[in-house]
Amino acid sequence: MSTYAAPLKDMQFVIKELVGLEDITAMPDCAEVTGDVVDAVLEGAGKFAAEVLDPLNREGDKQGSKLLDGKVTAPQGFKEAYRQFITGGWNGLSGQTEFGGQGLPHVVAMPVQEMWNSANMAFCLCPMLTSGVLEALKLRGSPAQQQMYVPKLTSGAWCGTMNLTEPQAGSDLSAVRTRAVPEGDHYRIHGTKIFITWGEHDMAENIIHLVLARTPDAPEGVKGISLFIVPKFLVNPDGTLGEHNDVKCVSIEHKLGINASPTCVLSYGDEKGALGYLVGEENRGLEYMFIMMNHARLGVGLEGVALAERAYQHAREYAKTRVQGRAIGQKSGDRVTIIHHPDVKRMLLSMKAQIEAMRALAYTASAALDKSRHHPDDKERRRNQALVDFLIPIVKGWCTESSIEVASTGIQVHGGMGFVEETGAAQYLRDARITTIYEGTTGIQAADLVGRKVGFEKGATAFAVIGEMRKLDAELARGKNADVAAQRDNLKRAVDGLGSATQWVVDTFPKNPNAVAAVSVPYLKLWGIVGGGWQMARAALIADSKLGIGGDADFYRAKIATARFYSEHILPQATALSAEVVNGAASVLAMSEAQF
Ligand SMILES: Cc1cc2nc3c(=O)[nH]c(=O)nc-3n(C[C@H](O)[C@H](O)[C@H](O)COP(=O)(O)OP(=O)(O)OC[C@H]3O[C@@H](n4cnc5c(N)ncnc54)[C@H](O)[C@@H]3O)c2cc1C
């Protein structure tokens, strides 16, 4: 079984050279984050991922979490790993400094989270949800709520969860039925939430649930949903823990993957009603929850990158050791390892190229998030907010869909040994499979992209990004390196296709939103593939400019070769996707429901 090694070189390249760490650290709030600090954080996180989290991944998958008498026990070793995680200060990496966090920008937290997800995604879901709760409380919690909950959530002494889903309310949260009845300064919560990740466990002293519910006179639909803090153990005014709230775990799901993370059915208010505390104003809960979901959606996109990376490392190691057949044209002599077969090399390169493109796009979104929060110029803050809002459904949808493909290719590289559980390659595909479903399915991300983003804005941000992509053409034309210059035509064709498809979405959305919905997922994938190609071409140009002036020449050469592969093997898919968007809606809409 291979062990995980953080891809530090590529992460550092993306943060420092591609995304521009200097722009982030030049902002007043981030001035303390030097390149050396980043290197130290990444190295420490990589060590923790490899030495503490990775060894638990396979066993955690086999054992799963266990429910007994309403109490959930995490797999062996998880509680101790969590203790080490929080005592090492990892939980508060990007937390607010006034509440004990380290205030590191998202662009530094991203690679760290990628490492943890690669090493053990089931474990990582727990701190990821806590950070989403922190995000919502930071922006919408009252000062008293912040004082009471944020320090413990930042240190990781307490964990957080997100409670949206009910049996009849999945993608459509307007159907939420959980009730919140006012009683003095609090509410009594009654209802059932399903699929709640890390909804109950033994790793932390307390669990702070953020719960969507309706007050008695709330209007119908999404405008009648409020957000409540419901602690597992009530918190006394002095911060000590009081009695167990009226919430219990009644079952945990048996799943395809991420088995170590308990996915719970939580029952609220079987007795007197669980005590809940309103966050912000009544009936604005969904709006607040979106704050947390946006954060989590970027995090889930990153899970896609992380699982793909893990699957790639596993497949690469197997391909370097598995001996099978002779090199083409050789009838005698030594048999070779399978990495010598051009088709295996192609599979590995397709994995590597997609991962590097996904990483570049995801980290670009996180840099925009940092600038939207910390840039001193208001106009830049707003421009970056529009960019990050635009990129989130693409990163979430495309990176997760691609991770399934990459993990599946990883199995193919293993041949039959990929299909049996012992090698571990199958776990990555099973774990990756959830990422396109939770935090909004790919269909929901695509609906967000074509509706609330491109349609609503009449393509303003989309065309601005396409404009940035077009600027690369002149740079590629000037390139003297044949491997870099070779990317020019493919990128131009792909960007033209994206431009035509975007114009079609902008023109069609107001008069026929159904037609746009019918091809929204291909449109999202088109954005991912071309967005990735844009970043890979930028990476190739940067790498080329560094060749011969010091640095790691082997890394830069490999980057250029990988970018060329991406442009020749992945980017051409854009042409077909663009045609599917522009021409494909009618055949979907022509088929009646009765014809299935
Ligand atoms: C392992 C796991 C962990 C989870 N963790 C959490 C958690 O911590 N907290 C939480 O609240 N929830 C959690 N969920 C729930 C998860 O977010 C939902 O499963 C997800 O949002 C989809 O809802 P659904 O399962 O009801 O599917 P449905 O909404 O029934 O969707 C079924 C299909 O219909 C499509 N569809 C539905 N509506 C539309 C539409 N309007 N437009 C286009 N397509 C549509 C979907 O894309 C999908 O393909 C978890 C789920 C799982 C499996």
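The values are calculated or read from the model by the stated rules, or taken from the named source; none is laboratory data. These numbers come from a predicted model, not from an experiment. Cβ atoms come from the backbone with ideal geometry, glycine included; neighbour counts cover every protein chain shown.
For segment 401-444, a residue qualifies if it is hydrophobic (A, V, I, L, M, F, W, C), in contact (Cβ under 8 Å) with a residue 40 or more places away in the chain and within 11 Å of the ligand (Cβ to nearest atom), and the qualifying residues are ILE434, ILE444.
Can we say ILE355 is within 21 Å of LYS16 (Cα to Cα) and either over 22 Å from the mean Cα position of the chain (by Cα) or modelled with pLDDT of 95 or more (or both)?
Numbers: within 21 Å of LYS16 (Cα to Cα): yes; either over 22 Å from the mean Cα position of the chain (by Cα) or modelled with pLDDT of 95 or more (or both): yes.
Taking the combined requirement at face value, the residue satisfies it.
Among the listed residues GLY304, GLY239, GLY257, GLY299, identify the single one that is closer than 27 Å to ALA50 by Cβ and in a loop (DSSP other than H, G, I, E, B). Spell out the reasoning first.
Numbers: GLY304 fails: in a loop (DSSP other than H, G, I, E, B); GLY239 fails: closer than 27 Å to ALA50 by Cβ; GLY299 fails: in a loop (DSSP other than H, G, I, E, B).
Just one listed residue meets the conditions, GLY257.
Would you confirm, using the coordinates I've provided, whether LYS525 is surrounded by 15 or more Cβ atoms within 10 Å (Cβ to Cβ), among the charged types (D, E, K, R) and at pLDDT below 95?
On the way: surrounded by 15 or more Cβ atoms within 10 Å (Cβ to Cβ): yes; among the charged types (D, E, K, R): yes; at pLDDT below 95: no.
Answer is no for this residue.
VAL181 satisfies every condition listed in (1) buried (at least 17 other Cβ atoms within 10 Å of the Cβ); (2) away from the ligand (no atom under 16 Å from the Cβ); (3) of a type in the set (Val, Ile, Thr) except (1).
For segment 442-456, indicate whether the set of residues that are among the aromatic types (Phe, Trp, Tyr) and surrounded by 17 or more Cβ atoms within 10 Å (Cβ to Cβ) is non-empty. Outline the logic, then answer.
Quick first cut of segment 442-456, residues among the aromatic types (Phe, Trp, Tyr) only: 456.
From what is left, the residues that are surrounded by 17 or more Cβ atoms within 10 Å (Cβ to Cβ) are none.
No, because not a single residue in segment 442-456 is among the aromatic types (Phe, Trp, Tyr) and surrounded by 17 or more Cβ atoms within 10 Å (Cβ to Cβ).
Of all residues assigned to segment 274-292, none qualifies as being within 16 Å of the ligand (Cβ to nearest atom), touching a Cys at 6+ places or on another chain (Cβ under 6 Å) and outside any loop (DSSP other than H, G, I, E, B). State which residue pairs qualify: first residue modelled with pLDDT under 95 and inside segment 47-72, second residue crowded, with 22+ Cβ neighbours inside 10 Å and not in a helix (DSSP H, G or I) in any location, beta carbons under 9 Å apart, and separation of 6 or more residues or different chains. Sorted first by the residue in segment 47-72, then by its partner, the pairs are GLY70/GLU200. Go through the residues of segment 465-478 one by one and say whether even a single one is in contact (Cβ under 8 Å) with a residue 12 or more places away in the chain and within 16 Å of the ligand (Cβ to nearest atom). Within segment 465-478 (the criterion being in contact (Cβ under 8 Å) with a residue 12 or more places away in the chain and within 16 Å of the ligand (Cβ to nearest atom)), the answer is no, since none of the residues qualifies.
Among the residues of segment 480-510, the one identified as crowded, with 24+ Cβ neighbours inside 10 Å and outside any helix (DSSP H, G or I) is GLN487.
Of all residues in segment 242-262, those satisfying the criterion of being within 13 Å of the ligand (Cβ to nearest atom), buried (at least 23 other Cβ atoms within 10 Å of the Cβ) and on the phi < 0 side of the Ramachandran plot are ALA260, SER261, PRO262.
For segment 358-372, the set of residues classified as in contact (Cβ under 8 Å) with a residue 24 or more places away in the chain and over 15 Å from the mean Cα position of the chain (by Cα) consists of ASP370, LYS371, listed by residue number.
If I filter segment 158-178 down to residues being without any contact (Cβ under 8 Å) to a residue 40 or more places away in the chain and of a type outside the set (A, V, I, L, M, F, W, C), which single residue comes out as farthest from the ligand (Cβ to nearest atom)? Only one residue fits best here, namely ARG177. Quick one: which residue in PRO237, PRO216 is in contact with a strand residue (DSSP E or B) (Cβ under 9 Å, 6 or more places away or on another chain) and more than 16 Å from the ligand (Cβ to nearest atom)? Only one candidate qualifies: PRO216.
Going through segment 258-300 one residue at a time, which ones are under 15 Å from TRP198 (Cβ atoms) and of a type in the set (Gly, Ala, Ser)?
First pass over segment 258-300, keeping only residues under 15 Å from TRP198 (Cβ atoms): 258-266, 292, 296, 299-300.
Selection gives ALA260, SER261, ALA296, GLY299.
For segment 516-553, a tally of residues being in a helix (DSSP H, G or I) and acidic (Asp, Glu) returns 1.
Do we find a residue being part of a strand (DSSP E or B), within 15 Å of the ligand (Cβ to nearest atom) and exposed (fewer than 15 other Cβ atoms within 10 Å of the Cβ) anywhere in segment 192-212? Before you say what the answer is, go through the steps one by one.
Going residue by residue through segment 192-212, those that are part of a strand (DSSP E or B) are 192-197, 206-212.
With the extra rule that they be within 15 Å of the ligand (Cβ to nearest atom), the set shrinks to 192-197, 207-212.
After this cut, where a residue has to be exposed (fewer than 15 other Cβ atoms within 10 Å of the Cβ) as well, the list is none.
No.
Given THR364, THR337, which one is over 24 Å from ALA432 (Cβ atoms) and either among the β-branched types (Val, Ile, Thr) or buried (at least 24 other Cβ atoms within 10 Å of the Cβ) (or both)?
Details: THR364 fails: over 24 Å from ALA432 (Cβ atoms).
Exactly one of THR364, THR337 is over 24 Å from ALA432 (Cβ atoms) and either among the β-branched types (Val, Ile, Thr) or buried (at least 24 other Cβ atoms within 10 Å of the Cβ) (or both), namely THR337.
If we scan segment 367-387, do we find a residue that is assigned to a helix (DSSP H, G or I), closer than 20 Å to ILE570 by Cα and among the polar types (S, T, N, Q)? Working first, answer last.
So in segment 367-387, the residues assigned to a helix (DSSP H, G or I) come out as 367-374, 378-387.
Within this subset, residues satisfying the condition of being closer than 20 Å to ILE570 by Cα are none.
Checked against the condition, which is being assigned to a helix (DSSP H, G or I), closer than 20 Å to ILE570 by Cα and among the polar types (S, T, N, Q), segment 367-387 yields no hits at all.
For segment 554-566, the criterion of being outside any helix (DSSP H, G or I) and not polar (S, T, N, Q) is met by none of the residues.
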